[in-house]
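The values are calculated or read from the model by the stated rules, or taken from the named source; none is laboratory data. What you see is a predicted model; the values in this text were computed from it and never measured. Backbone-built Cβ (ideal geometry, glycine too); neighbour counts: all protein chains shown. With ligands, DNA and RNA removed, areas are computed over all heavy atoms of the protein, side chains included. Shrake-Rupley method; radii C 1.70, N 1.55, O 1.52, S 1.80 Å.
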Amino acid sequence: DRATYKMDLTARTTGIFDLISSVRDNWGSYFDTTKYVPQKFYRYIKEGRFRKNEVLYFDHDKDSVLVAKLDEKTKELESETGHSTVKNVQDMISGYYYLRTIDFSKIKEGEVITINTFFDDKLRPFKIKFVGREIIKTKLGKIRALVLIPMMKKDSLFVEDNTLKVWMSDDLNKIPLKVKAKIYVGYLEVEVKKVKNLRHQLAVTE
């Protein structure tokens with residue numbers, strides 16, 4: 001019974017990649033509009049033959065989370081497990097939105113921000129390094145941006161440690177503008193194409 005923002009993230013492969021190993025993922029979070037913490041998180045994963053469906057229910061009064069595992073086909077409840085967490089814990093979606101609440105005028109270049117997140121049945125501190133500020137060229141114009149590097153170890157996708165780099169608008173919107181990473185088959189790059197209904201003026205320089 002709390003007011004929340006509902007964030008829904010979908011990902012799917014297209015073209016030849018869809019024929020090799022199709023992806024149909026749906027992640028989402030209900031993010032408290034005043035406390036800036038998740039109340040509920042879900043993910044429905046379909047990647048090749050891999051399936052995973054689960055829903056997390058957060059109880060911030062008790063610093064706990066209930067993990068509901070769902071059947072990979074019917075999505076009916078299979079099991080529930082309770083876990084202890086820490087104060088104001090985030091999920092993997094809400095953690096990125098929580099970044100938007102941070103006042104970067106008070107963060108020094110090179111400083112590492114730690115956000116406690118709960119993921120894969122574990123408490124996982126998510127560390128992001130604030131690199132500095134840049135002006136980048138986008139389809140929306142040249143925009144002042146905050147440069148962030150999520151502290152991540154190399155894995156089956158990323159070829160190097162801390163290879164992911166994120167540009168976020170240096171204004172009150174703090175929207176993602178660009179993401180770049182070195183992967184085993186080259187470089188992965190994502191850029192903003194359009195935005196709408198922004199509450200604040202975008203930090204366009206020209």
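Residue count for the range 163-178 under the criterion of being open to solvent by less than 60 Å² (accessible area, probe 1.4 Å) and either modelled with pLDDT under 90 or over 15 Å from the mean Cα position of the chain (by Cα) (or both): the result is 6. Would you call Tyr30 touching a Pro at 6+ places or on another chain (Cβ under 8 Å) and part of a strand (DSSP E or B)? So Tyr30 fits the description; yes.
Would you say Val67 is modelled with pLDDT of 95 or more, open to solvent by less than 20 Å² (accessible area, probe 1.4 Å), aliphatic (A, V, I, L, M) and under 25 Å from Ile113 (Cα atoms)? Walk me through it before giving the result.
Details: modelled with pLDDT of 95 or more: yes; open to solvent by less than 20 Å² (accessible area, probe 1.4 Å): yes; aliphatic (A, V, I, L, M): yes; under 25 Å from Ile113 (Cα atoms): no.
Here the answer is no, as Val67 does not meet what is asked.
Select from the range 1-22 the residues that are surrounded by fewer than 16 Cβ atoms within 10 Å (Cβ to Cβ) and within 27 Å of Glu76 (Cβ to Cβ) and list them in ascending order. Even if it seems obvious, please write down each step before you answer.
Kept after step one, since they are surrounded by fewer than 16 Cβ atoms within 10 Å (Cβ to Cβ), are these residues of the range 1-22: 1-3, 5-6, 8-12, 14-22.
If the condition is that a residue be surrounded by fewer than 16 Cβ atoms within 10 Å (Cβ to Cβ) and within 27 Å of Glu76 (Cβ to Cβ), then Asp1, Arg2, Lys6, Asp8, Leu9, Thr10, Ala11, Arg12, Ser21, Ser22 are the ones that fit.
Could you say whether any residue in the range 38-50 is of a type in the set (A, V, I, L, M), under 22 Å from the mean Cα position of the chain (by Cα) and part of a strand (DSSP E or B)? Break it down stepwise before answering.
Of all residues in the range 38-50, those of a type in the set (A, V, I, L, M) come to 45.
Among the residues that remain, those that are also under 22 Å from the mean Cα position of the chain (by Cα) are: 45.
In the following step, the residues that additionally are part of a strand (DSSP E or B) were identified as 45.
For the range 38-50, residues of a type in the set (A, V, I, L, M), under 22 Å from the mean Cα position of the chain (by Cα) and part of a strand (DSSP E or B): present.
The set of residues from the range 88-105 being touching a residue at least 24 places away in the same chain (Cβ under 8 Å) and among the aliphatic types (A, V, I, L, M) comprises Val89, Met92, Ile93, Leu99. Do the conditions hold for Lys73, that is, is it assigned to a loop (DSSP other than H, G, I, E, B), open to solvent by 90 Å² or more (accessible area, probe 1.4 Å), basic (Lys, Arg) and modelled with pLDDT under 90? Judged against the criteria, Lys73 is a match.
Among the residues here, Tyr36 qualifies as surrounded by fewer than 16 Cβ atoms within 10 Å (Cβ to Cβ), touching a Ser or Thr at 6+ places or on another chain (Cβ under 9 Å) and under 24 Å from Lys127 (Cα atoms). For beta carbons closer than 8 Å, sequence separation of 6+ or different chains, a first residue in the range 35-51 that is of a type in the set (Val, Ile, Thr) and a second that is assigned to a loop (DSSP other than H, G, I, E, B), the qualifying pairs are Val37/His60; Val37/Asn88; Val37/Val89.
Condition test on Tyr57, is it open to solvent by 20 Å² or more (accessible area, probe 1.4 Å) and part of a helix (DSSP H, G or I)? Considered against the rule, which asks whether it is open to solvent by 20 Å² or more (accessible area, probe 1.4 Å) and part of a helix (DSSP H, G or I), Tyr57 comes out as no. Taking the range 76-123 as the range and being exposed (fewer than 13 other Cβ atoms within 10 Å of the Cβ) and either in a strand (DSSP E or B) or basic (Lys, Arg) (or both) as the test, the residues that pass are Leu77, Ser79, Glu80, Thr81, Gly82, Ser84, Lys87, Lys106, Lys108, Val112, Thr114, Lys122.
Is at least one residue of the range 1-10 part of a helix (DSSP H, G or I) and within 19 Å of the chain's Cα centre (by Cα)? Give the derivation first.
Step one: filter the range 1-10 for residues part of a helix (DSSP H, G or I), giving none.
Scanning the range 1-10, I find no residue that is part of a helix (DSSP H, G or I) and within 19 Å of the chain's Cα centre (by Cα), so the answer is no.
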